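Below you'll find the structure, written out as structure tokens, and then a few comments.
The values are calculated or read from the model by the stated rules, or taken from the named source; none is laboratory data. Everything numeric in this text was worked out from a predicted model, so none of it was measured. Using ideal geometry, Cβ is built from the backbone for each residue, glycine included, and neighbour counts are taken over all protein chains shown. The accessibility values were calculated without ligands, DNA or RNA, using every heavy atom of the protein model including side chains. Shrake-Rupley method; radii C 1.70, N 1.55, O 1.52, S 1.80 Å.
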Amino acid sequence: MPTIKITVKLIGPLINLAGFSEKALELPAETTVEEVLASLPVDPQRPKIVTRNGQAVAPGEKLRDGDRLAVSPIYSGG
Amino acid sequence: MKGWTGHILRINLTNRTHKIDTFGQEFAHKWVGGRGFALKVLWDELRPGIDPLGPENKLIIAVGPIAGVPAPNTGKTVVAAKSPLTGGFGDGNLGTRATEHMRKAGYDSIIFEGQSDKPIYVYIEDDKVQYFPADEIWGRGTYDTHDYLYKIYGKGVGILSIGQGGENLNRYAMIRSLEGRAGGRPGIGAVMGSKNLKAIVIKGSKPIPVADPEGMRKLGIEDLRKVGEINKQTGWSIQSTTGVLSWCNEVAALPVHNMRQTHHPDAWKIDGERLNNARVATYGCPNCTMRCGIAIRDHEGHESELDYENIGTLGSNLDIFELDQVGSLNYLCDDYGLDTISAGDTLAFYADAIEQGAIKGDFRFGDAEMAKKLLGMAARRQGEIGNLLADGTMRMSRAIGHGSEAYAMHVKGLEISAYNCKFCPGMALAFATCPLGGHHKDSWVITFEIKQTKRDSYGPEKAAKVIELQRIRGGLFEFIVACRFPWIELGWPLEHYPEYFNRVTGLTWSLDDFWKISDRIYALMKFFWVREFPDWDRTRDYPPMIWFDPSNADKDGPIAGKILELDKFNQLLDHYYEQRGWDERGIPTKKTAEALDLKDEMAEVEKYTRLE
Ligand code: SF4
């Protein structure tokens with residue numbers, strides 16, 4: 001089965017909740033953003049901002065080889 | 001009238017006299033408190049064109065009806081004056097024990113007028129006001145000043161003080177309280193210094209007037225507990241505001257190299273994770289169960305309390321990626337009583353101007369040791385460079401010339417906080433329309449902009465979001481006076497705030513009643529600016545021009561090749577003005593002013609400019 005390699009970067013307290021800050025993952029090709037999110041030990045109900053390579057991404061979008069997925073709680077920034 | 005003491009303490013520093021003014025329900029209901037009170041007093045009592053650093057300016061300290069009452073995050077106080085940095089309306093808030101003491105002493109506001117002939121500090125205990133020479137603390141930093149006063153009055157009193165920055169009229173000097181709390185970015189500390197007022201010590205012993213004291217106490221304490229619980233569950237204060245640094249780096253909105261760059265491979269070295277790992281202490285404001293202040297040991301071994309803005313402006317924007325060195329710069333700013341944001345941006349501008357060949361100098365990006373020296377010079381106005389730096393980026397760029405105005409990162413003279421908006425039109429609008437200048441405080445739309453809408457949109461939805469947030473953050477939280485973090489960071493529902501307000505005042509107001517007051521305050525803040533600058537036009541509401549310069553677009557990363565577009569930004573401004581009921585210059589129309597019950601204020605501003 002073809003696979004892709006991506007990086008997941010967690011931000012803020014999600015790091016402590018999930019137990020890692022940044023991780024390389026090898027996944028089946030065509031894996032979607034929401035499938036990756038569902039695999040993380042982070043409350044699925046919690047509002048988050050998810051970006052792929054710095055751009056907002058919809059949950060149903062398929063990931064591509066080399067993507068960087070950043071998952072952040074919603075901040076106000078002080 | 002419950003909820004307000006109905007008293008304003010007016011202290012004249014020229015002749016060291018004081019009196020207590022009273023106000024009634026009409027004033028209280030129209031302006032509520034905090035920013036509302038401060039603005040109305042400054043509007044009524046300042047002649048336009050006065051020197052902000054002269055005796056005619058007034059320093060206002062103001063709390064709101066729920067300030068100091070046990071309820072989520074009510075330990076804040078507003079400080080305000082005509083700004084020596086911008087020439088317009090200036091205010092800020094800070095967490096301090098003075099909040100509760102002021103209310104217990106029987107005042108909703110304190111006005112300092114005139115100018116003492118010698119450095120003094122003022123001690124207020126209920127109805128008593130005393131003036132003491134400040135010889136032993138003049139010239140000393142805020143930490144020493146606090147220690148000196150704590151020794152005399154005990155740790156429980158409220159203290160507001162300035163450092164060397166305020167004494168020497170550095171235009172971005174702030175007022176400091178407690179460990180790392182500071183407020184008044186637009187130079188309110190310099191106004192205090194211009195009055196030769198080193199510190200205010202306050203102690204009150206009367207009950208705060210609350211309509212339903214038992215109900216409020218029970219509700220407030222329970223809600224403080226609940227907010228603390230949510231904070232724990234979400235883990236927000238593990239990194240507090242600093243989690244946003246890595247996010248800004250991911251989405252290319254981090255200030256780097258005087259905002260010429262938006263991300264940096266070393267940003268992780270100064271991010272919230274590293275900060276939390278280096279934590280040696282945690283601090284917070286009174287009446288707070290979130291305690292967002294994360295302190296680390298700085299390069300010299302001091303405790304230094306950092307938040308995102310400090311790290312973004314004193315760290316990445318100066319290409320300094322050593323956390324302990326960022327801590328040192330932050331500690332110095334706190335001790336000198338300088339605004340970290342303006343200080344960081346001013347140094348970044350200086351390094352940039354040297355790099356561009358607009359001025360000669362030894363300072364380079366990344367040089368933390370030199371940055372420390374320059375901060376000391378700016379705080380004390382030492383030499384030509386110290387004087388230049390002490391005036392902030394706008395004046396520096398005018399003095400330097402050679403096109404440097406284009407990369408002086410300020411709006412209306414106030415330096416921009418730590419969000420690089422090269423390609424964030426909504427956040428650029430938030431900076432552009434903030435009533436203080438380049439501040440994130442009143443509206444923070446960047447997460448909305450990137451998550452909910454298209455980043456490249458200049459549509460009316462962005463203007464609407466900026467206004468919605470201004471009503472809440474720049475309105476509600478600034479006039480009832482409470483910290484916005486339970487709401488904005490933890491999702492604590494806004495509906496709680498009219499509940500607290502009504503228990504304190506005995507009124508039955510809803511959130512809709514608050515929004516009208518927010519809009520009134522926004523309109524009057526704009527009138528304040530227009531009265532000072534009668535040739536007002538929309539260009540004063542523009543962000544720095546470099547954000548529109550295609551040659552400044554990122555070469556790589558998420559926004560490579562992208563930059564704001566001026567004609568589209570003008571359309572966004574039009575949306576904003578239209579939704580606010582302001583004309584194309586950005587001035588509230590007669591119809592808007594009338595609807596906001598600003599008839600007298602309208603008549604006054606019409607002496608200076610025509611209203612549509
Ligand atoms: S959350 Fe932070 S700024 Fe707000 S009241 Fe608490 S300690 Fe102060």
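Of all residues in the stretch A:69-77, none satisfies being within 11 Å of another protein chain (Cβ to nearest Cβ), farther than 17 Å from B:E273 by Cβ, open to solvent by 70 Å² or more (accessible area, probe 1.4 Å) and part of a loop (DSSP other than H, G, I, E, B).
B:T505: farther than 30 Å from B:C248 by Cβ, more than 16 Å from the ligand (Cβ to nearest atom) and buried (at least 17 other Cβ atoms within 10 Å of the Cβ), yes or no? Yes; evaluated as a whole, the condition is true for this residue. Residue pairs whose Cβ atoms lie under 6 Å apart, separated by 6 or more positions or on different chains, with the first residue in the stretch A:14-29 and within 14 Å of another protein chain (Cβ to nearest Cβ) and the second loosely packed, with under 15 Cβ neighbours inside 10 Å and of a type outside the set (G, A, S), are A:A18/A:P41.
Here is the figure for the stretch B:258-286: residues that are within 16 Å of the ligand (Cβ to nearest atom), surrounded by fewer than 24 Cβ atoms within 10 Å (Cβ to Cβ) and away from chain A (no Cβ under 11 Å) total 6. A search for C-beta distances below 6 Å between a residue of the stretch B:474-489 that is over 12 Å from B:I517 (Cβ atoms) and any residue that is within 11 Å of the ligand (Cβ to nearest atom) and among the polar types (S, T, N, Q), counting only pairs 6+ apart in sequence or on different chains, returns B:A482/B:N73; B:A482/B:T74; B:C483/B:N73; B:P486/B:N73; B:I488/A:S76; B:E489/A:S76. Residues in the stretch A:14-29 include none that are part of a loop (DSSP other than H, G, I, E, B) and charged (D, E, K, R).
Residues in the stretch B:587-602 include none that are buried (at least 17 other Cβ atoms within 10 Å of the Cβ) and on the phi > 0 side of the Ramachandran plot.
When each of B:F431, B:F448 is tested for being buried (at least 24 other Cβ atoms within 10 Å of the Cβ) and either within 14 Å of chain A (Cβ to nearest Cβ) or within 24 Å of B:A38 (Cα to Cα) (or both), the lone residue that passes is B:F431. Taken together, the residues in the stretch B:38-75 that are more than 26 Å from B:A603 (Cβ to Cβ) and hydrophobic (A, V, I, L, M, F, W, C) amount to 8. Pairing residues of the stretch B:224-241 that are touching a residue at least 24 places away in the same chain (Cβ under 8 Å) and small (G, A, S) with residues that are within 13 Å of the ligand (Cβ to nearest atom) and part of a helix (DSSP H, G or I), at Cβ distances under 6 Å and at least 6 apart in sequence or on separate chains, gives B:S237/B:N231. Of all the listed residues (B:F349, B:F321), the sole one being in a loop (DSSP other than H, G, I, E, B) and either out of contact with any Phe, Trp or Tyr (no Cβ under 8 Å at 6 or more places or on another chain) or closer than 21 Å to B:I270 by Cβ (or both) is B:F321.
Taking (1) within 14 Å of chain B (Cβ to nearest Cβ); (2) of a type in the set (G, A, S); (3) open to solvent by 50 Å² or more (accessible area, probe 1.4 Å); (4) under 10 Å from the mean Cα position of the chain (by Cα) in turn, A:A38 satisfies each apart from (1).
Residue under question is B:I320, and the condition is that it be among the β-branched types (V, I, T) and away from the ligand (no atom under 16 Å from the Cβ); does it hold? In short, yes. Only a single item in (1) open to solvent by 40 Å² or more (accessible area, probe 1.4 Å); (2) of a type in the set (K, R); (3) more than 16 Å from the ligand (Cβ to nearest atom) is not met by B:R291, and it is number (3). Residues in the stretch B:532-580 that are open to solvent by 20 Å² or more (accessible area, probe 1.4 Å) and of a type in the set (G, A, S): B:S551, B:G557, B:A560, B:G561.
Selection of the stretch B:238-257 for residues being within 26 Å of B:Y407 (Cα to Cα) and at the interface with chain A (Cβ under 8 Å from one of its Cβ atoms) yields B:V244, B:S246, B:W247, B:E250, B:V251, B:A252.
Would you say B:A560 is of a type outside the set (F, W, Y), free of Cβ contacts under 8 Å to residues at least 40 places away in the same chain and within 14 Å of chain A (Cβ to nearest Cβ)? Yes; evaluated as a whole, the condition is true for this residue. Residue-level check: of (1) more than 25 Å from B:I296 (Cα to Cα); (2) over 23 Å from the mean Cα position of the chain (by Cα); (3) open to solvent by less than 30 Å² (accessible area, probe 1.4 Å), B:L323 misses just (1). If you check B:K412, B:K454 for being under 20 Å from the mean Cα position of the chain (by Cα) and open to solvent by 10 Å² or more (accessible area, probe 1.4 Å), only one passes: B:K412. Within the stretch B:237-257, none of the residues are within 16 Å of the ligand (Cβ to nearest atom) and either farther than 18 Å from A:V71 by Cα or over 24 Å from the mean Cα position of the chain (by Cα) (or both).
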